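Data first, discussion second: the structure below is written as structure tokens.
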Amino acid sequence: MSPARPRRFLGLGLGYAAAFVALHPALWLHGRFLGWDAVREHWGDRVFPPAALLDGELPLWNPFEKGGYDFLGDPQTGVLYPPNWLSWLGIGALGDGPWVVLFASLLHFALLAVGMHRLLEREGLPPWVRTFGAVALMLSARFAKSKDSAALWPAVWLPWLYMAMRDALERPGWRTGGRLGVFTAFALLAGHPPTGVRAILTLAPLGVFLIVAGLRAAPRWLPAIGRLGLSLGVALGLTIALTLPMLLATAGWMPLTVRDGMSVHEILRSSITAGEVAHVFAAHLFELNDLSLQYVGAVVGLAAIYHLFAGRGAERWILAGTALVMFALACGGNTPVLPYLVAHVPTFNLWRISEGYLFGTTFLLVLLAARGVASLVVPRTSAPDEGVWQAWRGRRAALVVSVLAGALVIGTRSDAADVATTANAAIFFALGGAALAAVRWSGCRFRWFGIALLFGVLLVDLGYQNRVLYAIAQPRPNLKKDATLLKLAGVRDQYRIADDEYFQFRPGTRLEIRDLFGRYSTFVSRRYDAYWKKARSNVNLLRAANVKWVSGGAAGKLKRSLKGPDALIGRPGGAYEVPRPAPRFQWHPRVTLVRTERESIGSVSLGRSPVLERESLTPETLAAVSALKGTEAPVPGRLVRAERNRLVFDVTAPAKGVVAVAEAWAPGWRASVDGRPTPVFPVDHLFRGVLVEGGRHRVEMVYAPRGVRPALVIWLATWLLLVAAWLWLRRRRKPETPAHVCPTEVPCSGSS
């Protein structure tokens with residue numbers, strides 16, 4: 001890559017980011033911010049890893065929320081994703097305020113737009129067409145809907161994946177395969193992995209077509225297959241090496257989560273039906289509803305349809321067919337496609353939010369539209385027969401579009417929703433058609449007018465339809481309550497809080513204090529899910545969790561139900577004190593034994609702590625705890641050292657007993673007592689404990705999930721190898737020609 005290209009990409013990225021901000025005036029005029037997921041979830045995910053690394057720790061376990069959970073095992077955290085590292089670099093100078101999430105959002109929109117711009121540039125399309133495609137994709141409803149969410153970020157790699165896939169299949173080799181592997185890994189590491197997998201599925205049909213076409217064109221099959229095997233093998237190897245730590249951590253954490261037992265209804269749930277496909281091009285004009293979230297723009301639809309009937313080659317039909325299939329998948333259980341895949345293809349039963357398939361539909365339609373717009377300005381050939389043929393094909397496309405628009409108007413029924421849809425179709429199809437006609441027949445001298453009209457219609461159309469998205473923008477985060485929270489006695493290391501959306505914005509992770517609640521997601525453990533649901537109205541569960549302070553909605557419920565010595569104690573600042581919380585570490589002379597995990601939550605809620613589950617204990621541990629009959633009073637332990645992945649404390653036990661630790665249990669936790677390994681088992685449903693003999697002991701607990709640390713070594717070695725290969729290639733790089741070129745830009749001379 002020449003030194004000028006990174007500077008050019010940076011300039012393009014800054015330009016598109018500025019355009020996004022300019023087209024979202026709520027960000028700078030009305031005191032608004034991004035949508036709810038930005039500050040309620042992803043802000044905490046962005047600030048946790050750099051804080052851990054600065055303390056010399058790996059961001060494996062987050063002890064500051066939900067009693068503790070596997071941070072790396074939640075793939076939306078994006079720990080291994082390089083673009084996130086850019087925001088980490090700025091935290092040291094600018095602090096960890098909400099700018100971190102805004103920066104991440106703008107960065108990904110810039111990556112999306114620059115990727116589309118570069119893709120269309122490689123196809124030889126004019127600069128204004130590149131900008132049209134980039135803006136249309138950046139402002140389309142499906143991408144704009146997810147502007148604040150990690151559900152978007154894997155999808156921004158669609159244009160980059162498209163280019164890398166074409167290179168790897170049309171010019172197979174270890175270099176092109178390497179690029180495909182890196183971009184595939186980026187798509188899987190960026191946030192919501194199902195979105196990355198859906199991006200790969202979006203391009204799979206075209207990939208198969210390119211493989212077949214390449215083999216048919218090759219003079220000898222075996223060498224061609226060998227080159228393809230090398231290219232795809234390198235891509236697969238790099239993808240695995242760069243995602244291995246996350247895959248292992250997620251695989252270890254997944255069986256514990258509510259996602260593992262997700263119902264088929266949740267997997268197939270969708271707000272879209274097959275009959276609403278028209279809303280891709282004709283969203284509601286007078287109503288705000290979810291149907292607007294499918295919208296790509298009337299002018300994009302017209303240009304895409306025009307390309308289907310005025311273009312050449314089979315590829316356009318493959319892209320259009322794939323877009324239709326992805327829409328059918330987005331309909332979830334409302335079509336038979338996704339139910340069949342869920343029943344017969346592994347991994348499809350792990351993905352929710354079916355509407356995420358619309359990322360693929362949107363990308364493919366914008367790509368077709370950009371090619372269609374470009375073909376409008378290609379001058380007619382001097383051959384009379386070819387000119388007539390081109391003109392006839394253009395008229396046929398116009399006829400199809402007219403019939404489609406007319407059918408939408410004629411098919412109006414009496415209810416308000418269809419009236420709104422028809423009005424939108426009529427208005428913006430007419431405006432879009434006029435803009436495309438102006439581009440086609442305005443001639444070279446006045447083509448600027450047609451291009452300006454085209455961009456004007458696109459911006460007005462998408463801006464007006466997407467007003468439903470602006471309605472979900474949140475106020476800028478107000479952090480005045482943080483100071484009050486940090487003044488609570490013992491909140492730093494002695495006691496836990498239970499903040500039920502009063503202090504907000506994940507205060508536990510941001511401020512590094514222990515919060516029992518935090519941001520609930522579909523990747524929480526089953527144990528936490530059961531505990532969270534009951535703890536909001538049960539003081540015994542709060543006590544067992546070492547909670548001294550409760551705030552928000554849970555405080556309101558508990559105030560109304562608790563009386564006498566159990567009543568909450570009101571304090572200034574919005575938090576209430578919970579009487580008699582359990583210490584963070586406590587030795588017990590005897591335990592309550594129940595049979596299963598499900599029974600344990602009920603026993604804890606009745607105040608029978610500590611509660612152990614027979615099914616979770618080894619035979620040796622079960623025999624030992626069953627024999628405990630002591631009558632001594634419980635003894636609290638003393639904290640020695642608390643880190644993210646390591647906990648050290650001292651305890652003086654009058655006799656043999658169980659030490660209950662009010663930190664969440666997971667299979668990756670290992671413990672030693674005075675340096676000797678000892679089993680860690682669940683205590684009080686959510687938390688963990690160890691068995692100790694009488695006397696004074698030092699207990700150390702370390703989080704070390706199987707295989708993750710060796711996988712991190714492989715991941716780091718792979719990155720070092722990639723950097724070395726890139727530096728070596730820069731010294732001997734030769735200019736590359738695009739692997740795929742669509743109609744090229746030609747000098748404008750006379751009328752077209």
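The values are calculated or read from the model by the stated rules, or taken from the named source; none is laboratory data. Keep in mind it's a predicted model, so treat the numbers as computed, not measured. No Cβ is skipped: glycine too gets one built from the backbone with ideal geometry, and neighbour counts run over all protein chains shown.
Values computed for the structure shown
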item	result
Filter pass, residue 307 being farther than 23 Å from residue 158 by Cα and not hydrophobic (A, V, I, L, M, F, W, C)	no
Test result for residue 558, at pLDDT 90 or above and on the phi < 0 side of the Ramachandran plot	no
Residues (exposed (fewer than 15 other Cβ atoms within 10 Å of the Cβ) and in contact with a Gly (Cβ under 7 Å, 6 or more places away or on another chain)) located in region 629-653	650
Wholly within region 440-487, helices (runs of 4 or more DSSP H) carrying at least 2 residues that are in contact (Cβ under 8 Å) with a residue 60 or more places away in the chain and within 25 Å of residue 374 (Cα to Cα)	447-465
Region 439-480, subset touching a helix residue (DSSP H, G or I) at 6+ places or on another chain (Cβ under 8 Å) and of a type in the set (D, E, K, R), residue nearest to residue 548 (Cα to Cα)	461
Subset of region 654-683 that is closer than 18 Å to residue 698 by Cβ and of a type in the set (Val, Ile, Thr) - its residue that is surrounded by the most Cβ atoms within 10 Å (Cβ to Cβ)	661
Residue 590 assigned to a helix (DSSP H, G or I) and either at pLDDT below 95 or more than 41 Å from the chain's Cα centre (by Cα) (or both)	no
Matching helices (runs of 4 or more DSSP H) fully within region 121-179 where at least 1 residues are surrounded by fewer than 24 Cβ atoms within 10 Å (Cβ to Cβ) and at pLDDT 95 or above	127-139, 158-170
Some residue of region 246-260 being buried (at least 21 other Cβ atoms within 10 Å of the Cβ), among the aromatic types (Phe, Trp, Tyr), assigned to a helix (DSSP H, G or I) and without any contact (Cβ under 8 Å) to a residue 60 or more places away in the chain	no
Region 282-320 - residue that is at pLDDT 75 or above and in a loop (DSSP other than H, G, I, E, B) and, of those, nearest to residue 431 (Cα to Cα)	297
Looking only at region 189-208, and only at residues there that are touching a Pro at 6+ places or on another chain (Cβ under 7 Å) and either outside the structural domain of residue 328 (by TED's automatic domain parsing) or among the hydrophobic types (A, V, I, L, M, F, W, C) (or both), the one that is nearest to residue 248 (Cα to Cα)	190
Any hit, region 22-32, residues being surrounded by fewer than 23 Cβ atoms within 10 Å (Cβ to Cβ), at positive phi and over 20 Å from the mean Cα position of the chain (by Cα)	yes
Residue that is modelled with the lowest pLDDT, among those in region 606-620 that are surrounded by 20 or more Cβ atoms within 10 Å (Cβ to Cβ) and either assigned to a helix (DSSP H, G or I) or not β-branched (Val, Ile, Thr) (or both)	609
Residue 584 vs. criteria modelled with pLDDT of 90 or more, under 19 Å from residue 630 (Cβ atoms), in contact with a strand residue (DSSP E or B) (Cβ under 9 Å, 6 or more places away or on another chain) and surrounded by 14 or more Cβ atoms within 10 Å (Cβ to Cβ)	no
Within region 1-115, helices (runs of 4 or more DSSP H) holding 3 or more residues that are more than 26 Å from residue 136 (Cβ to Cβ)	43-54, 82-94
Selected residue (only one of 345, 296, 264 is more than 27 Å from residue 462 (Cα to Cα) and within 22 Å of the chain's Cα centre (by Cα))	264
Test: residue 63 is under 20 Å from the mean Cα position of the chain (by Cα) and modelled with pLDDT of 90 or more	no
Residue identified as among the hydrophobic types (A, V, I, L, M, F, W, C) and surrounded by fewer than 16 Cβ atoms within 10 Å (Cβ to Cβ) among 569, 497	569
Some residue of region 594-603 being touching a helix residue (DSSP H, G or I) at 6+ places or on another chain (Cβ under 6 Å), among the hydroxyl-bearing types (Ser, Thr, Tyr) and exposed (fewer than 15 other Cβ atoms within 10 Å of the Cβ)	yes
Residue match in region 341-358 (condition: part of a helix (DSSP H, G or I), in contact (Cβ under 8 Å) with a residue 60 or more places away in the chain, crowded, with 24+ Cβ neighbours inside 10 Å and of a type outside the set (Gly, Ala, Ser))	yes
Selection count, region 216-245, where residues are surrounded by 13 or more Cβ atoms within 10 Å (Cβ to Cβ) and closer than 15 Å to residue 172 by Cβ	14
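Every residue, every condition in (1) without any contact (Cβ under 8 Å) to a residue 24 or more places away in the chain; (2) part of a helix (DSSP H, G or I); (3) under 30 Å from residue 353 (Cα atoms), yes or no:
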| residue | (1), (2), (3) |
| --- | --- |
| 518 | no, no, yes |
| 533 | yes, yes, yes |
| 550 | no, no, no |
| 559 | yes, yes, no |
| 604 | no, yes, no |
| 630 | no, no, no |
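This table checks each residue for (1) of a type outside the set (A, V, I, L, M); (2) surrounded by 17 or more Cβ atoms within 10 Å (Cβ to Cβ); (3) within 27 Å of residue 254 (Cβ to Cβ).
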position	(1), (2), (3)
6	yes, no, no
39	no, yes, yes
44	yes, yes, yes
49	yes, yes, yes
60	no, yes, yes
90	yes, no, no
102	no, yes, no
